[in-house]
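One structure is given here, and the rest of the page talks about it.
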Amino acid sequence: MPNHDVRAAVFPVAGRGTRFLPVTKTVPKEVLPIVDRPCIEYVVAEAVAAGIEHLVFVTAKGKDALVDYFMPDADLEAFLTLHGKDDLLDQVRQVVSMADVIAVRQDEALGLGHAVLQAKDAIGDHDFAVLLGDDIIDSERPAIAQLMEDRPSGHAVVALMEVPSAHTSRYGICAGSMATPTRMAVHSMVEKPKPEDAPSNFAIVGRYILPADMWHRLAETRPGRGGEIQLTDAIASLAAEGRVDGVAFSGQRFDTGNVVGLLRASVHFALKRPDLEAPVRAMLAEMSNR
Ligand code: UTP
């Protein structure tokens, strides 16, 4: 069972989404659809299923659609009621009732660590989760709940995934000793190392549990790789104190921050839908012959 001392989560969603330009000029990448739901809903649903009640979105200019999605829409509800579309009305209301969402702003995209720091006042002096909106994890037990389990008090926990050596430069990479086949005592972390510099193949994907004393570490973190304030660098200071665990979670992870990853996630979730599986399989068969 999840350890319920973590009840708040930060969703940093202030990035520019340049890999999806030009659409992200006006549409936040987090609301791009996977089947008929925005990417971010899959991640919010994971947090809610893990018992998280208090959700803080770190947004930027032009991201209102993302927050509006979780807010009531009286006009839409009246329209659906008038036209007797009760099933859709239920679905729209269910999204709103999922969670209590608040938004704070990151005025400049100075990096993921800086984005998380903007949630400090909204979260307060509590341990908290961080979930990245462009990492979707389909799993039986919510991935963020897997990180909460057996967490020593005051420790940070990061989600780990083994990646091919050629891909280490896309991730934060951890080094440490395996306490169990799925749990690493993390000794050090490095952001996006070249394959020859990577200390292991264990990459951090977008799920974290962070202790309350993270805030001052984030505030003290100076710009690192790419001139950005990196979350990994702030967590590395905890690793040096032996307070970071990595959990190789079970589940399937989709990187929806790039075009092919989003398409892959779309097909995966469409195939899980009873009403879509047959037509989507037929479409894939037809297209594979082109
Ligand atoms: P990414 O670098 O993957 O997202 O950051 P991006 O910058 O939006 O995308 P590209 O690379 O330009 O296509 C990982 C996560 O951190 C958030 C992003 O929104 C994304 O969820 N982020 C990043 C912020 O909120 N603020 C930042 O300053 C940087």
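Listed values, structure above:
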quantity	calculated
Only listed residue being of a type in the set (Val, Ile, Thr), farther than 26 Å from residue 248 by Cβ and modelled with pLDDT of 95 or more, chosen from 123, 136, 144, 40	123
Condition check for residue 176: in contact (Cβ under 8 Å) with a residue 12 or more places away in the chain and within 16 Å of the ligand (Cβ to nearest atom)	no
Inter-residue pairs, beta-carbon under 8 Å, first assigned to a strand (DSSP E or B) and in region 7-36, second surrounded by fewer than 16 Cβ atoms within 10 Å (Cβ to Cβ), 6+ apart	8/53; 8/126
Counted residues, region 126-151 - those being in contact with a helix residue (DSSP H, G or I) (Cβ under 8 Å, 6 or more places away or on another chain), outside any strand (DSSP E or B) and either more than 9 Å from the ligand (Cβ to nearest atom) or without any contact (Cβ under 8 Å) to a residue 60 or more places away in the chain (or both)	5
Residue tally, condition surrounded by 12 or more Cβ atoms within 10 Å (Cβ to Cβ) and under 27 Å from the mean Cα position of the chain (by Cα), over region 274-287	3
Of all residues in region 228-271 being over 19 Å from the mean Cα position of the chain (by Cα) and without any contact (Cβ under 8 Å) to a residue 24 or more places away in the chain, the one that is nearest to residue 140 (Cα to Cα)	271
Helices (runs of 4 or more DSSP H) fully within region 212-290 counting 1 or more residues that are in contact with a Gly (Cβ under 6 Å, 6 or more places away or on another chain)	214-220, 231-239
Meets criteria (without any contact (Cβ under 8 Å) to a residue 60 or more places away in the chain and in a loop (DSSP other than H, G, I, E, B)) for residue 48	no
Criterion violated by residue 229 - all others in (1) surrounded by 14 or more Cβ atoms within 10 Å (Cβ to Cβ); (2) in contact with a Phe, Trp or Tyr (Cβ under 8 Å, 6 or more places away or on another chain) satisfied	(2)
Region 1-19 - residue that is open to solvent by less than 20 Å² (accessible area, probe 1.4 Å) and within 14 Å of the ligand (Cβ to nearest atom) and, of those, farthest from residue 119 (Cα to Cα)	17
Residue that is out of contact with any helix residue (DSSP H, G or I) (no Cβ under 7 Å at 6 or more places or on another chain), in a helix (DSSP H, G or I) and β-branched (Val, Ile, Thr), where the choices are 92, 116, 43	43
Residue among 25, 29 that is closer than 22 Å to residue 231 by Cα and within 16 Å of the ligand (Cβ to nearest atom)	29
Answer residue from region 176-202, given it is modelled with pLDDT under 95, of a type outside the set (S, T, N, Q) and within 30 Å of residue 5 (Cα to Cα) and is nearest to the chain's Cα centre (by Cα) among those	191
Where a residue in region 183-199 is under 11 Å from residue 166 (Cα atoms) and of a type outside the set (Val, Ile, Thr) and its partner, wherever it lies, is part of a strand (DSSP E or B) and open to solvent by less than 40 Å² (accessible area, probe 1.4 Å), with Cβ under 6 Å and at least six apart	193/173; 198/173
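The values are calculated or read from the model by the stated rules, or taken from the named source; none is laboratory data. Quick caveat: nothing in here was measured; it's all calculated off a predicted structure. Methodologically, a virtual Cβ is constructed for each residue, glycine included, from the backbone with ideal geometry; neighbour enumeration extends over all protein chains shown. Just the protein is used for accessible areas: all its heavy atoms, side chains included, with ligands, DNA and RNA removed. Shrake-Rupley method; radii C 1.70, N 1.55, O 1.52, S 1.80 Å.
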